[in-house]
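The values are calculated or read from the model by the stated rules, or taken from the named source; none is laboratory data. Since this is a predicted model, take the numbers as computed values, not measurements. Reconstructed Cβ throughout: ideal geometry from the backbone, glycine too, with neighbour counts over all protein chains shown. These accessible areas exclude ligands, DNA and RNA; they are computed on the full protein's heavy atoms, side chains included. Shrake-Rupley method; radii C 1.70, N 1.55, O 1.52, S 1.80 Å.
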Amino acid sequence: MMRHASTDATGVGKAGLDAPIFDPAAFRLSGQQAEIIARARELGQTVFAERAAVYDRDARFPTENYADLHRAGLLGISIPKKHGGLGADYQTYALAAAEIGRYCGATALTWNMHVCSTLWSGPLADDLDMDSQTRAEHERRRAIHYKLIVEKGAIYSQPFSEGGAAAAGGVAFGTEAKPVTGGWIVNGKKIFASLSGHADYYGVLCTEIAEGEKASRRNTLYLAIPANAGGVSVVGDWDPLGMRGTVSRTLLFKDVFVEDDAALMPRGVYFQAALRWPHMFLTLSPTYMGLAQAAYDFTVRYLRGEVPGTPPVKRRMYPTKQIAVAQMQIKLEQIKAIWFQAVSEARANPSKEQVLRAYAAQYSCMEGANEIATLAIRTCGGQAMLKSLSLERIYRDSRCGSLMLPWTAELCLDRIGREALYEAGETDD
């Protein structure tokens, strides 16, 4: 059984555990939130951190970590309690994911893909409009998937990208689902599909197109396609700069039959969510919040001579090192402040100000994590480049954040600038 971390009145971890990124008292978290987040932090620090280098070196999926996540109840973190999960809301999940990312970026990023299948179909869908019959059918269907996760440890992924504008919300997804008796026939391709070959179900966003119809974003479906279904294949190599343990290869779907109960959201609900629940696309950022904290933690320990595998030589007395740590601390606190506010505001129908803040938080977190890691390498010096130390991996993993669809750094800047200057429907004509 996993040993749970205890904290004192300030939220500082005991028994050699790190203090939480967000102190429960300072950030006014509930006792239940603090317990779930502490569970994630303890698992990350005592188990995942030691394995992270191997997954990174071999570009191998963290299978063992998922078995531990299941035993700890964290595969079902956002599954409602009545279905056997922990019942965590958006904010609680985000804070827990940041703690996982602090110790293994690849595990946190792939865990996000899994958890979103329950977060989107659970508390997020509960905020959206459905008639009573549709909601009852959705409740019946999601219970099937929740049971697989809670009881059997089933892993769900969330392949999103296709190499075009669909993942950014510009056009309909090219992966298509043709309605047939009892379900759909799916054809298409997903690239950078994390968990490829390791998930039990691929939560695929695709466009439902009946005979004679044109593709429309309004007809986006969210289907859980079994990994062992006929016509599903994983192709290509995986040897990237960072996030190597995500194993984000290419998924192909060739005339794949999917049953009606595969629908993780009813017809029309994903499109409604994309318009009314924009924070659903902020869930990649917790991993990078954790990486920002990890880069800072490493630097402080390194300068204090406390990093295992390095000589116990203190370097903290040099003014240049002290100034660099101060700069890192300031940057980290800025990221934490805007990010915590943004994940706390996640809800249906946010205000324009809240949406702009979400974009700004995404940008700040994804770019800021690597800025802190870059300063950490410069401050710690040559040894920080060694692959035997975690900072080199943190730097590479953090560099990937600004590229993550649907809210890349470039898209965030574009949307902030445009939406700050124009009201809905306003033009210069």
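Normalised by the residues of segment 18-147, what does the relative contact order come to in percent, with Cα pairs under 8 Å and at least six apart?
Answer for segment 18-147 is 26 percent.
Taking a ≥ b ≥ c as the square roots of the Cα gyration tensor eigenvalues, with a/c under 1.5 meaning rounded and otherwise prolate when a/b beats b/c, else oblate, which class fits segment 80-187?
Taking the square roots of the gyration eigenvalues as a ≥ b ≥ c, segment 80-187 is oblate.
If amide hydrogens are placed 1.01 Å from N in the peptide plane, which non-local residues have theirs closer than 5 Å to the one on A227?
The answer is Y201, Y202.
If you roll a 1.4 Å probe over the heavy atoms of the protein chains, what accessible area per residue do you get for segment 210-264, in Å²? Intermediate results must be reported in sequence, preceding the final value.
Values: 2760 Å² over 55 residues.
Accessible area per residue, segment 210-264: 50 Å².
Could you work out the per residue convex hull volume over the alpha carbons of segment 280-429, in cubic angstrom?
Details: hull volume 17.8 nm³, N = 150.
About 119 Å³ per residue, rounded to a whole number.
Please compute the contact order of segment 107-215 in relative form: average sequence separation of alpha-carbon pairs under 8 Å and at least six residues apart, divided by the residue count, as a percent.
29 percent
Given a 1.4 angstrom probe, I'd like the percentage of the accessible area of the chain that is carbon and sulfur, rounded to a whole number.
The C+S portion of the solvent-accessible surface of the chain is 53 percent.
Return an integer: the convex hull volume of the alpha-carbon atoms of segment 25-107, in Å³ per residue.
88 Å³
Quick one: Debye curve from the alpha-carbon atoms of segment 20-169 only, equal weights, vacuum; give me log10 I(q)/I(0) at q = 0.11, 0.18, 0.20 Å⁻¹ to two decimals.
Relative scattering, expressed as log10 I(q)/I(0), comes to -0.46, -1.11, -1.26.
Distance in nm between label sites at K81 and A19, each 7 Å beyond Cα in the beta-carbon direction?
3.1 nm
Can you pick out the pairs among K190/K387; K81/K254; K190/K214; K152/K387; K189/K352 whose Cα atoms lie more than 28 Å from each other?
Table pairs above 28 Å Cα-Cα are K190/K387; K81/K254; K152/K387; K189/K352.
If you project the alpha carbons of segment 181-250 onto the principal axes, what extent comes out on each, in Å, largest first?
Over segment 181-250, Cα extents along the principal axes are 42, 24, 17 Å.
Kindly sort H145, H198 by accessible area of their heavy atoms, largest first, with the probe set to 1.4 Å.
H198, H145
Taking the dipole about the Cα centre of segment 239-301, with the C-beta of Lys and Arg at +1 and of Asp and Glu at -1, give me whichever of F298, T287, T246 is farthest to the positive side.
Projecting each Cα onto the dipole axis, the largest value belongs to F298.
Select from Y422, I338, V325 the residue farthest towards the positive end of the dipole of segment 312-429; place +1 on Cβ of Lys and Arg, -1 on Cβ of Asp and Glu, and compute about the Cα centre.
My answer, from the dipole projection, is V325.
Rounded to the nearest 20 Debye, what is the dipole magnitude of the chain about its Cα centre when Lys and Arg each give +1 and Asp and Glu each give -1 at the C-beta? Spell out each step's value before the answer.
Working: 47 positive and 47 negative charges, 286 e Å.
Dipole size: approximately 1380 debye.
Over the chain, what is the relative contact order in percent, taking alpha-carbon pairs closer than 8 angstrom and at least six residues apart? Working shown, then result.
Working: 780 pairs, mean separation 64.9, N = 429.
15 percent.
May I ask you to give the solvent-accessible area per residue for segment 329-409, in square angstrom, as obtained with a 1.4 angstrom probe?
Per-residue value: 39 Å².
V47: accessible area at probe 1.4 Å, nearest 10 Å²?
40 Å²
With a 1.4 Å probe and every protein chain left in place, work out the accessible area per residue of segment 134-196 in Å², rounded to a whole number.
So segment 134-196 comes to 41 Å² accessible per residue, rounded to a whole number.
Take the Cα radius of gyration of the chain and divide it by 2.2 N^0.38 Å, with N its residue count; two decimals is plenty.
0.98
Got a sec? Charge dipole of the chain, +1 on Cβ for Lys and Arg, -1 for Asp and Glu; which of G368, L195, W407 is way out at the positive end?
G368
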